[in-house]
Amino acid sequence: MNLTNKRHSLQAIRANILHCKSNPDDQPRNSHPEQALEYIEDGVLIVENGLVQACGYSATQAIPDSAVVHDFRGKLLVPGFVDTHVHFPQVDVIAAYGTQLLDWLERYTFPAEAQFSNEQHAAAVARFFLDELLKNGTTTALVFGTVHPESVNAFFTEASMRDLRMICGKVMMDRNAPVDILDTAQSSYVDTQTLIETWHGKQRLAYAVTPRFAPTSSEAQLTLAGQLLKEHPDVYLHTHMAENADECDWVASLFPGQQDYLAVYEHFELVRKRSVFAHCIHLSDNAWTRMANADCSVAHCPCSNLFIGSGLFDLRAAQKHKVRVGLGSDIGGGDSFSILRNINEAYKIQQLQRHTLTPEQAFYMATLGGARALDLNDRIGNFDKGKEADFLIVDEAATPVLKRRTQAQSTWRDRLFSLMMLGDDRCIERTFIMGEPVVYSTDT
Ligand code: GUN
Ligand code: ZN
């Protein structure tokens with residue numbers, strides 16, 4: 001089945017357009033953070049062969065006669081959201097009751113992941129997962145598979161049929177987990193090599209070397225992960241770090257020679273640009289400095305951090321050190337696919353620490369900032385000419401409460417904040433990939 005529609009060469013989409021031009025935190029002092037965003041009331045986005053051709057006010061932007069026009073006037077048009085950390089095989093453990101990270105892994109997650117040796121199961125879950133992501137407005141994600149190469153083959157096969165920009169990797173895990181979901185250092189190296197050769201750079205897909213986290217990899221396996229990065233410098237590194245206090249104590253006991261959690265990954269040469277570390281809650285100022293120097297990225301996972309009780313992310317530290325941060329749903333530790341719901345919780349996490357997440361910063365993390373965290377900002381994240389046209393039509397009045405709240409507000413900034421606090425998948429009216437409306441594979 002090919003889920004990609006026949007592509008029309010020229011499209012014009014009319015709506016109110018909002019996108020980021022730069023990082024709101026980089027705005028000069030005394031200027032306004034909203035200047036990092038561009039809001040075009042009654043705008044038009046012109047897409048040619050799947051790429052942004054122009055973006056402007058409909059009063060001044062010529063629409064070519066041959067363009068197919070989509071009229072969404074009154075609705076909001078934004079770039080597709082970027083989810084910088086999510087596990088596709090954990091769809092069936094969302095909202096599992098009563099545990100924190102290490103028990104949660106043992107009781108719910110490892111048994112669910114064991115089923116992914118079956119490629120048919122993996123394909124069915126990948127289909128459901130991608131439908132759900134797209135219905136929630138997420139068009140690009142950095143995704144964990146399971147230890148089984150079949151899981152990654154199934155995921156990339158589904159993503160390629162939909163022409164999605166996705167990054168995924170096979171979990172490397174050779175200790176401290178049930179034997180049916182362990183690999184070996186050598187088999188993980190060989191399987192990863194094969195998957196990189198098969199998928200990395202094919203269509204819009206990219207590969208991430210994916211050791212689960214330090215406690216489930218031997219030193220031999222982490223050494224080979226570092227070797228894979230040297231052999232393939234443009235692949236990603238994707239793992240977890242400093243999520244939960246018991247996990248941090250465990251890492252300290254497993255690697256007594258290392259000064260801290262980050263030092264374990266540094267020792268195996270896993271910390272560099274295109275390395276993405278999920279969570280990063282329990283980090284010292286010194287570790288933040290080293291992360292900034294290495295130019296790696298962080299996936300902040302608000303719903304997960306609250307749901308499995310991991311802790312409060314220190315956004316202020318990340319901002320101070322200018323470390324790139326994206327948002328992650330972390331399904332199934334997280335309980336929502338929706339990046340809007342994750343922004344809602346991110347705001348509250350900062351409130352509890354007497355720090356304010358601005359609507360501009362949140363919107364940036366969800367779009368251009370997420371793209372920057374994945375080193376994809378030359379391809380996606382906003383509507384600069386030549387970018388891939390993955391975008392959303394958002395209904396700011398999708399629920400009675402939202403309608404009431406947004407109609408009372410006159411500025412786009414106030415409406416954006418209401419959308420972020422009150423919105424979810426109900427607000428995502430349409431999702432477009434490379435300029436074409438998404439066709440879903442199931443009736444989920
Ligand atoms: N740390 C190691 N594995 C996992 C996982 O599957 N989910 C989360 N949230 N943290 C992890
Ligand atoms: Zn995770």
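No value in this document is a laboratory result; all are computed from the given coordinates. The shown structure was predicted, so the numbers you read here are calculated from the model rather than taken from an experiment. For neighbour counting, all protein chains shown are included, and Cβ atoms are generated from backbone atoms with ideal geometry for every residue, glycine included.
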Exercise for the section: Give me the angle, in degrees from 0 to 90, between the Cα long axis of helix 149-161 and the longest principal axis of the Cα atoms of the chain, rounded to the nearest 10. Expected result: 10
Handout entry: Stretchable slack from residue 352 to residue 92, in nm (0.36 nm times residue separation minus alpha-carbon distance)
Key = 90.5 nm
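What Kirkwood Rh does the chain have if only Cα atoms enter the pairwise 1/r average? Answer in Å. Walk me through the intermediate numbers first.
Values: mean 1/r = 0.0455 Å⁻¹.
About 22.0 Å for the chain.
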Problem - Förster-model FRET efficiency, 30 Å R0, residue 379 and residue 25, C-beta, rounded to 0.05 - result: 0.85
Fill in the blank from the handout: Simple spin-label estimate for residue 118/residue 106, 7 Å along Cα→Cβ, in nm, reads 2.6
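State the extension gain, in nm to one decimal, for the chain segment bounded by residue 249 and residue 57, taking 0.36 nm per residue of separation less the distance between their alpha-carbons.
Going from the current span to full extension adds 63.6 nm.
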Problem - Residue-averaged 222 nm ellipticity for the chain, from DSSP H runs of 4+ at -39500 (n - 2.57), nearest 500 - result: -10000 deg cm²/dmol
Practice task
Determine, from the Cβ-Cβ distance of residue 439 and residue 258 and an R0 of 41 Å, the FRET efficiency 1/(1 + (r/R0)^6), rounded to the nearest 0.05.
Solution key: 0.25
Exercise for the section: Work out, in µm²/s and without decimals, the Stokes-Einstein translational diffusion coefficient of region 383-444 at 25 °C, 0.890 mPa s, Rh from Kirkwood over C-alpha pairs. Expected result: 186
Fill in the blank from the handout: Computed over region 226-351, the relative contact order (Cα-Cα under 8 Å, seq sep at least six) in percent reads 22
Practice task
Report relative contact order for region 183-227 in percent, whole number only (criteria: Cα-Cα under 8 Å, sequence separation at least 6).
Solution key: 48
Exercise for the section: Calculate the spin-label point distance for residue 179 paired with residue 411, positioning each point 7 Å from the Cα along the beta-carbon direction, and give it in nanometres. Expected result: 6.4
Problem - Compactness index (Cα Rg / 2.2 N^0.38 Å), region 100-170 - result: 1.13
Practice task
Find how much the distance from residue 319 to residue 193 grows on full extension, using 0.36 nm per residue of separation minus their present alpha carbon separation; answer in nm with one decimal.
Solution key: 41.8 nm
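Could you grab the relative contact order for region 81-373? Cα pairs under 8 Å, six or more apart, rounded to a whole percent.
Reported relative contact order: 20 percent.
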Completion exercise
Between residue 42 and residue 65, Cβ-based FRET efficiency (R0 30 Å, step 0.05) works out to 0.90
Practice task
Please report the base-10 log of the normalised intensity I(q)/I(0) for region 214-317, using a Debye sum with one equal scatterer per alpha carbon and no solvent, at each q in 0.11, 0.12, 0.13, 0.21 (1/Å).
Solution key: -0.32, -0.38, -0.45, -1.18
